[in-house]
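Here's the structure we're looking at; comments come further down.
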Amino acid sequence: MGKMKLLESLDLSLNQIMGEIPQSLSDLSFLSFLNLSYNNLSGMIPTSTQLQSFEALSYTGNPELCGPPLTSNCSSGQELLGAGSVEHADGIFFDTSDFYKAMGVGFAAGFWGDLQCYFL
């Protein structure tokens with residue numbers, strides 16, 4: 001697969017693929033979309049700027065897969081604190097993406113409310 005140097009999009013999700021991700025996949029420098037979710041992939045995601053640039057959702061549903069951009073650490077099997085999470089003093093994790101979603105909904109509701117007042 002690594003010989004397809006001009007490949008731009010690869011979606012192999014939901015195919016029950018087993019084993020490790022081939023190192024040659026990191027040679028696909030034109031790849032702008034990757035979805036390997038919900039297979040039976042295992043091991044460490046090959047280290048390259050290309051494969052780490054995709055979101056963790058590209059690898060979701062592969063419980064034995066580890067390494068960046070996933071939060072599972074290959075060496076110890078422990079969960080890493082991702083860049084999009086905040087740990088509070090009481091040990092509760094807060095996903096910052098949920099914060100931004102809620103902020104967007106609040107902004108939309110406020111903006112809609114202001115429009116209603118303007119037209120009344």
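The values are calculated or read from the model by the stated rules, or taken from the named source; none is laboratory data. Remember, predicted model here, so these are calculated numbers, not experimental data. For neighbour counting, all protein chains shown are included, and Cβ atoms are generated from backbone atoms with ideal geometry for every residue, glycine included. Please note that ligands, DNA and RNA were not included when accessible areas were found on the heavy atoms of the full protein model with its side chains. Shrake-Rupley method; radii C 1.70, N 1.55, O 1.52, S 1.80 Å.
Points worth noting:
- If the segment from residue 29 to residue 42 were pulled out straight at 0.36 nm per residue, it would be longer than the present Cα-Cα gap by 2.4 nm.
- Inter-label distance for residue 18 and residue 49, nm, one decimal - labels placed 7 Å from Cα along Cα-to-Cβ: 3.7 nm
- Percent carbon-and-sulfur accessible area, the range 17-70, ignoring ligands, DNA and RNA, probe 1.4 Å: 59 percent
- Close amide H partners of residue 10, meaning residues 5 or more places away or on another chain with modelled amide H under 5 Å apart, are 33, 34, 35.
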